[in-house]
Amino acid sequence: MADLDRETLKREMTAWRRDLHAHPEFGFEEKRTAAFVAAKLREFGLDDVTEGVGGTGVVGTLKRGTGNRAIALRADMDALRIAEQSIAPYRSGNAGIMHACGHDGHTAMLLGAAKLLASEGGFDGTVRFIFQPAEEWGRGALAMLDDGLMQRFPFDEIFGLHNMPGLPVGHFETRAGPVMSAEDNFEIVLKGLGGHAARPHSGNETLVAACALVTNLQTIVSRRLSPADIAVVSVTELITDGTRNALPGLARILGDARSFHPEVSAGIERQMRVIAEGTAAAYNVAAEVTYTREFVPLRNDAELVDAAFAAARTVFEPGNIAVAREPMTASEDFARFLDHVPGCFVFLGNGEASAPLHNSSYDFNDDGLVFGASFHAAIARQRLAI
């Protein structure tokens, strides 16, 4: 097979990425994105391209040789409900939605890897290219799995990547064991009796109780968990039905919790219920707690981490490859695939000047595209060696 010109591929990936950036779509709404991906995969000559997996997911299959092993490479496709602050010519054309996490870049990189591997081969077995919807709210991987992903497109192991603002372009990091945390969501509703702001004694208003509860929740990590356990409890919203001269009779407290072990998650929930009920009782109001588990912890397989580092050494400069120092308390639903097969999730630099993820000024750095595509291709060739 003829080798693919890398400069041409880089220009193509940049064009794909910017097209996707200009047309962002929220989770399970990625119809244009999925059609774009499927059309490219068919253009590259993959053996099979299946759309509609888990709603809007796409799976491409490429086979070479006679090997009976299969690996999966995964990219996420969805955008966020954030209004983009950019003057770039390819800025979002969909009001209130933008690619603020780089999924446009992840998709373009995996498309680039598919084109590389389809053109050049260099492996013996099957590669599954998984383009996943709805990562941001933790439902896309589950939807694909519930739609029979493992049965319809079996594979033995899986690899994924994410761009990392602050890490220079051309740098690579990962680690064995815990990499990203679980995410639990909670809502606490306080119910009392509102009334006139001039007569607080005539009712049981909920705002002061809610403020006290927000403060008390901070003691879960500092006083109820072991200092050896990594955990975060964050209140992100406080909503009441009060107004300038009316005390509220209802208050809603929402937020999330992060942890790396099921027993820590269980401890957070247990203590949250104790604190909510106790605080509510102290202020003569009632409390209802809803606690859900949205993301599970992401833990890398040690053997596949070694494989990822070996593949990275064929793509990145030796001094640009590092072991990530500590787990991140962000979450990633790639972890759902790891309930079924071993896998490895890695991080690639998006530049030291990059805006943070989920920021309205964020943009994926196109200089990183070739590194992601090359890493995907390298790990496929290593794990399916001829």
Exercise for the section: Quick one: in region 142-193, of everything that is of a type in the set (S, T, N, Q) and part of a strand (DSSP E or B), which residue is most open to solvent (accessible area, probe 1.4 Å)? Expected result: Asn185
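Looking at region 236-247 only, could you name the residues that are farther than 16 Å from Thr279 by Cα and either open to solvent by less than 70 Å² (accessible area, probe 1.4 Å) or not acidic (Asp, Glu) (or both)? Let's see the steps before the verdict.
Taking region 236-247 first, the residues farther than 16 Å from Thr279 by Cα are 236-237, 239-247.
Answer for region 236-247, where residues must be farther than 16 Å from Thr279 by Cα and either open to solvent by less than 70 Å² (accessible area, probe 1.4 Å) or not acidic (Asp, Glu) (or both): Thr236, Ile239, Thr240, Gly242, Thr243, Arg244, Asn245, Ala246, Leu247.
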Completion exercise
Selection from region 48-86 of residues open to solvent by 10 Å² or more (accessible area, probe 1.4 Å), out of contact with any Asp or Glu (no Cβ under 7 Å at 6 or more places or on another chain) and among the small types (Gly, Ala, Ser) yields Gly52, Gly55, Ala83
Practice task
Evaluate region 314-327: report whether one residue or more is open to solvent by less than 60 Å² (accessible area, probe 1.4 Å) and either assigned to a helix (DSSP H, G or I) or without any contact (Cβ under 8 Å) to a residue 12 or more places away in the chain (or both).
Solution key: yes
Exercise for the section: Please work out which one of (1) more than 24 Å from Arg383 (Cα to Cα); (2) open to solvent by less than 30 Å² (accessible area, probe 1.4 Å) is the condition Trp137 fails and give its number. Expected result: (2)
Handout entry: All positions within region 333-386 that are buried (at least 23 other Cβ atoms within 10 Å of the Cβ) and part of a loop (DSSP other than H, G, I, E, B)
Key = Asn350, Ser354, Tyr362, Asp363, Phe364
Practice task
Please state which of the following conditions Gly102 fails to meet, knowing it meets all the rest: (1) on the phi < 0 side of the Ramachandran plot; (2) out of contact with any helix residue (DSSP H, G or I) (no Cβ under 6 Å at 6 or more places or on another chain); (3) open to solvent by less than 10 Å² (accessible area, probe 1.4 Å).
Solution key: (1)
Exercise for the section: Scan region 8-25 and give yes if some residue there is within 17 Å of Met109 (Cα to Cα), assigned to a loop (DSSP other than H, G, I, E, B), open to solvent by less than 50 Å² (accessible area, probe 1.4 Å) and at pLDDT 95 or above, otherwise no. Expected result: yes
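Of the residues Leu217, Leu225, Leu250, Leu213, only one is open to solvent by 40 Å² or more (accessible area, probe 1.4 Å) and either of a type outside the set (Val, Ile, Thr) or without any contact (Cβ under 8 Å) to a residue 24 or more places away in the chain (or both); which? Before the answer, list the steps.
Details: Leu217 fails: open to solvent by 40 Å² or more (accessible area, probe 1.4 Å); Leu225 fails: open to solvent by 40 Å² or more (accessible area, probe 1.4 Å); Leu213 fails: open to solvent by 40 Å² or more (accessible area, probe 1.4 Å).
It is Leu250.
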Completion exercise
Listed by first then second residue, the pairs whose first member lies in region 117-136 and is among the hydroxyl-bearing types (Ser, Thr, Tyr), whose partner is modelled with pLDDT under 95, with beta carbons under 9 Å and at least 6 positions apart or on separate chains, are Ser119/Met1; Ser119/Ala2; Ser119/Asp3; Ser119/Leu4
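Please find, among Glu51, Glu43, Glu29, the residue that is acidic (Asp, Glu) and part of a helix (DSSP H, G or I).
Values: Glu51 fails: part of a helix (DSSP H, G or I); Glu29 fails: part of a helix (DSSP H, G or I).
After applying the criteria, what remains is Glu43.
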Exercise for the section: Can you confirm whether region 276-299 contains a residue that is within 19 Å of Leu161 (Cβ to Cβ), open to solvent by 50 Å² or more (accessible area, probe 1.4 Å), assigned to a strand (DSSP E or B) and not polar (S, T, N, Q)? Expected result: yes
Practice task
Could you run through region 105-130 and say how many residues are more than 15 Å from the chain's Cα centre (by Cα), open to solvent by less than 30 Å² (accessible area, probe 1.4 Å) and of a type in the set (Ser, Thr, Tyr)?
Solution key: 1
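Could you look through region 286-328, keep only residues that are among the charged types (D, E, K, R) and touching a Pro at 6+ places or on another chain (Cβ under 6 Å), and pick out the one that is farthest from Arg139 (Cα to Cα)? Please lay out each step first, then the result.
Residues of region 286-328 among the charged types (D, E, K, R): 288, 293-294, 299, 301, 303, 306, 313, 317, 325-326.
Now restrict to residues that are touching a Pro at 6+ places or on another chain (Cβ under 6 Å): 299, 301.
Values: Arg299: 18, Asp301: 23 Å.
In this case the residue turns out to be Asp301.
The values are calculated or read from the model by the stated rules, or taken from the named source; none is laboratory data. Note that the coordinates shown come from a computational prediction; the quantities given were computed from them, not determined experimentally. FYI the Cβ positions are ideal-geometry reconstructions off the backbone, even for glycines, and counts take in every protein chain you see. Each accessible area value is taken on the protein alone, full model and side chains, heavy atoms only, with ligands, DNA and RNA left out. Shrake-Rupley method; radii C 1.70, N 1.55, O 1.52, S 1.80 Å.
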